[in-house]
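Right, I'll just put the structure down here and ask away after.
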Amino acid sequence: MPEIGALLLDATRRLKQAGIEGPRQDAVLLLAHAAGLSPDRVRLDSGGVLSPEQAARFEALVQRRIDREPVSQILGHREFWGLDFRVTGDVLDPRPDSEALVAGVLAAVADRHAALRIVDFGTGSGCLLLSLLHELPRATGLGVDASPAALSIARMNAEALGLGDRAEFRQGDWGAGLDGPFDILISNPPYIETAVVPGLAPEVARYEPRLALDGGADGLAAYRRLVPDLARLAGVGAVVAVEIGMGQDAAVSALLAGAGFADIVVLPDLAGIGRVVTGRKS
Ligand SMILES: C[S@@+](CC[C@H](N)C(=O)[O-])C[C@H]1O[C@@H](n2cnc3c(N)ncnc32)[C@H](O)[C@@H]1O
C-alpha cells in the first residue's frame, strides 16, 4: 500500500519539474481531495497509507495539475472571504486580492443593517456580491454577467451559502436595460490587455474564460463602457467600487471623476499594489 509521505514526495518533485509554484501545498490539497482526508491530516500523517483506488485517483489529479489546470478547478471550489465558492472553468477563480474590494465597500457603508440595493457587474462566481450580502444582512443584490454558464455557477453559490432569497442573477451587457437607483455598485471587469492574455500563466490563459480576462487593446475597454452605466444607475450618495489592474489607477479614477463620482480613493491589494478604486455619487 502506498504511503502518504512517499506519494507526496514524488508528486511534489514532478509538479516542481512542471514549473508549478508551491508544489508541496498543491500535492497536499490534491491528495487530501483524492483520499477524502483533511489537508491537515495529510500533512501530519506521512506514514498513513492510501488504498490502490485512492492512489490512482491522486495520480489522475496530479496529471491534471501537471497539465496546469488550476487547483481550484480540479477541487471544484475555492475559499473567498471565508466562504466556500464553487469554481469551474466557466468562472474566474476568485482571487484573494479581490477581497480588498469587499473590505473597501464595507468600510464605506455607514449602516450595515440598512436595506441596501447592490449591483455587481460581471459577477462571475458571485464571490463579490455574495460576500457583501453575507456581511450586510438586510441588503439585496443583483449580479449581471454576459455568460449564462457563469450565472448558473453564481446561482448555485447563492443557494449553497443560504443567500438565494436576497440575490438575483441576470444575463446582460453591463448596465444595458437596467434601472436604478442602487446604493452599492461594484465590478471586477476584464482588465488585461489583449496582447498580454496569451502570455499569462497557463492556469489563466488556458483554463480561465477569455471573457473574464480580455480588457481590450489597453485593458480599459470595459471601464469605458461600464462607467456611464455606473453613473446612470447610482443613487445620490451611492458607493462605487471597481477592481483594477496594475497601473490602471489614474485612468480609472479619471473616468469615475469625469462621470460625476467624488471622494475617489485607490485601495491597495495584499502586495500593496493599487487594486480597487472607490468613489461616491455626489
Ligand atoms: C474578471 S471576471 C470577475 C468575476 C468575479 N466578479 C470575480 O471578481 O471573481 C469578469 C466578469 O465579467 C463578465 N463580463 C465580460 N464582459 C461582460 C459584459 N459585456 N457584460 C457583463 N459581464 C461581462 C465575464 O463573463 C466575467 O464573469
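Of all residues in the range 195-242, how many are closer than 18 Å to residue 88 by Cα, within 13 Å of the ligand (Cβ to nearest atom) and among the charged types (D, E, K, R)?
Summing the residues that are closer than 18 Å to residue 88 by Cα, within 13 Å of the ligand (Cβ to nearest atom) and among the charged types (D, E, K, R) in the range 195-242 gives 2.
Identify, from the list 184, 153, 192, the residue that is over 20 Å from residue 90 (Cα atoms) and not charged (D, E, K, R).
184
Taking the residues in the range 118-158 that are part of a loop (DSSP other than H, G, I, E, B) and within 6 Å of the ligand (Cβ to nearest atom) as candidates, determine which candidate is surrounded by the fewest Cβ atoms within 10 Å (Cβ to Cβ).
146
Can you pull out the residues in the range 104-117 that are in contact (Cβ under 8 Å) with a residue 40 or more places away in the chain and either within 14 Å of the ligand (Cβ to nearest atom) or part of a loop (DSSP other than H, G, I, E, B) (or both)?
Selection gives 104, 105, 109, 114, 116.
For the structure I just gave you, tell me whether residue 64 is within 30 Å of residue 246 (Cβ to Cβ), assigned to a loop (DSSP other than H, G, I, E, B) and in contact with a helix residue (DSSP H, G or I) (Cβ under 8 Å, 6 or more places away or on another chain).
Working: within 30 Å of residue 246 (Cβ to Cβ): yes; assigned to a loop (DSSP other than H, G, I, E, B): no; in contact with a helix residue (DSSP H, G or I) (Cβ under 8 Å, 6 or more places away or on another chain): yes.
The answer is no for residue 64.
A further question on this structure: Going through 57, 43, 95 one at a time, which residue ends up being surrounded by 15 or more Cβ atoms within 10 Å (Cβ to Cβ), free of Cβ contacts under 8 Å to residues at least 24 places away in the same chain and under 30 Å from residue 265 (Cα atoms)? Spell out how you get there, then give the answer.
Numbers: 57 fails: under 30 Å from residue 265 (Cα atoms); 43 fails: under 30 Å from residue 265 (Cα atoms).
Step by step, each of 57, 43, 95 is checked, and only 95 is surrounded by 15 or more Cβ atoms within 10 Å (Cβ to Cβ), free of Cβ contacts under 8 Å to residues at least 24 places away in the same chain and under 30 Å from residue 265 (Cα atoms).
Something else about it: Return a yes/no flag: does the range 22-41 have any residue that is assigned to a loop (DSSP other than H, G, I, E, B) and of a type in the set (S, T, N, Q).
yes
Continuing with the same structure: Return yes or no: is residue 247 more than 15 Å from the ligand (Cβ to nearest atom), farther than 27 Å from residue 73 by Cβ, assigned by TED's automatic domain parsing to the domain that holds residue 120 and surrounded by fewer than 22 Cβ atoms within 10 Å (Cβ to Cβ)? I'd like the intermediate steps shown before the answer.
Working: more than 15 Å from the ligand (Cβ to nearest atom): yes; farther than 27 Å from residue 73 by Cβ: yes; assigned by TED's automatic domain parsing to the domain that holds residue 120: yes; surrounded by fewer than 22 Cβ atoms within 10 Å (Cβ to Cβ): yes.
Considered against the rule, which asks whether it is more than 15 Å from the ligand (Cβ to nearest atom), farther than 27 Å from residue 73 by Cβ, assigned by TED's automatic domain parsing to the domain that holds residue 120 and surrounded by fewer than 22 Cβ atoms within 10 Å (Cβ to Cβ), residue 247 comes out as yes.
The values are calculated or read from the model by the stated rules, or taken from the named source; none is laboratory data. These numbers were taken from a predicted model, which means no experiment stands behind them. As a convention, Cβ positions derive from the backbone with ideal geometry for all residues, glycine included, and neighbour counts pool all protein chains shown.
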